[in-house]
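Enquirer: The structure follows.
Please treat every number below as a calculation from the coordinates, not as lab data. Only a predicted model underlies this, so the values are computations on that prediction, with no experimental measurement involved. Here the Cβ positions follow ideal geometry from the backbone for every residue, glycine too, while neighbour counts run over all protein chains shown.
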Amino acid sequence: MTPAPPSPVVLEVLDAPGQPPVTSELRDLYDGFERELLVPLWTEIGELMPLSPTPAAIPHVWRWNRLRELAAMAGDLVPVGRGGERRAIALANPGLGGAPFATPTLWAAIQYLNPGEDAPVHRHTQNAFRFVLEGEGVWTVVDGDPVAMRRGDFLLTPGWHFHGHHNQSSTPMSWLDGLDIPFVHAMGSGFFEDGPETVADRSTPRISRSERLWAHPGLLPVAGSQSRPSSPIAAYRWEHTDAALTQQLVLEEEGHAGVVEPGHAAVRFSNPTNGGDVMPTMRAEMHRLLAGVRTAPVREVGSAVWQIFDGEGTVEVGGQAQQVGPGDLVAIPSWTWLSFEAASGLDLFRFTDAPIFERLHADRRETR
Ligand code: GTQ
Ligand code: FE2
């Protein structure tokens, strides 16, 4: 390949204050850099080492009405099966060049399954969860354990666990998938393996074996209670999440501690074997705001995706305010100011890549 001549940008940098006059020797130097695939720091430093993060991702809101409509169209037109694996439609952040990434680390998609359909069994190193905004009737079978999906439930498929989904009801069902696909893609750590094309265990228990073993408050089975990288709880049920949020706010009313800030309750889904996040790369939380509450603006290192679960309000992100309602999804880039204002009571689900940055001691957080 013939090397391209120094780009106008580089020539402009060479003409910049503090740089020597552009002589033919200097041009030869830059030609040499280019030919040998070398880049000097001094032409890149502002971009590479900014004073504070300058994420490529852009704050963006996706409307649930449109997602659901398009997912239903896909349900009519696009089969689900081996190869394509899932009828999942990913949010593509407008700052990330058309890649199916909600943020540089996080995948968020709406998945749709018709009555009687199976999404084939597979496993991958990417960590995954499901969050259910509406509907029921699908069981996700995780390492052979059938897990019912219902409104408000948060379900885990940690990396390298076999999983397939099947719709046992007479209505289509859709839900939110969250995965660390973009992170795994960037890091070159993705592995994938097929399992059977259909789900073997078609039983429909209300609760999974995983929950029967692990989901009793404050109680671990003694056999197998050592720390695990991912939570062994396959489903965090809405009734528990709802009760925890309700009690935080009742306690606040009674004058006791527990809420994040006045009128703002929040819980984090946690790994009972070590008290940490549910999976190594992703954090998940549910927040509840009383009507009229405006949260203190926060910015954090790392990115997030929020989904409005219930209620109406306003999200203000990066200085722009937008009305949001049930199902709407919002991508929050790193180090971007964020605040919510609840018009009605507002329940919000969010997931983030915070565990990555905390593990690397690169986490920072600021409130205003
Ligand atoms: O349901 O197993 O949205 O493997 C992307 C990749 C869902 C899944 C997605 C997946 C799945
Ligand atoms: Fe999967």
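Enquirer: Select from region 178-194 the residues that are part of a strand (DSSP E or B) and surrounded by 20 or more Cβ atoms within 10 Å (Cβ to Cβ) and list them in ascending order.
Expert: G178, L179
Enquirer: Only one of these is within 15 Å of ligand 1 (Cβ to nearest atom), without any contact (Cβ under 8 Å) to a residue 40 or more places away in the chain, surrounded by 22 or more Cβ atoms within 10 Å (Cβ to Cβ) and within 19 Å of H163 (Cβ to Cβ): V138, V142. Name it.
Expert: On the way: V142 fails: without any contact (Cβ under 8 Å) to a residue 40 or more places away in the chain.
Unique residue meeting the criteria: V138.
Enquirer: Which of the following residues is away from ligand 2 (no atom under 11 Å from the Cβ), closer than 22 Å to P59 by Cα and buried (at least 18 other Cβ atoms within 10 Å of the Cβ): A148, A102?
Expert: Details: A148 fails: closer than 22 Å to P59 by Cα.
Exactly one residue qualifies, and that residue is A102.
Here is a yes/no grid of residues against (1) within 28 Å of R63 (Cα to Cα); (2) out of contact with any His (no Cβ under 9 Å at 6 or more places or on another chain):
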{"residue": "S210", "(1), (2)": "no, yes"}
{"residue": "T241", "(1), (2)": "yes, yes"}
{"residue": "A257", "(1), (2)": "no, yes"}
{"residue": "A265", "(1), (2)": "yes, no"}
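Enquirer: Checking Y30 against (1) assigned to a helix (DSSP H, G or I); (2) free of Cβ contacts under 8 Å to residues at least 24 places away in the same chain; (3) surrounded by 10 or more Cβ atoms within 10 Å (Cβ to Cβ): exactly one of these is not met. Which one?
Expert: Evaluating Y30 over (1) assigned to a helix (DSSP H, G or I); (2) free of Cβ contacts under 8 Å to residues at least 24 places away in the same chain; (3) surrounded by 10 or more Cβ atoms within 10 Å (Cβ to Cβ) leaves (2) as the failure.
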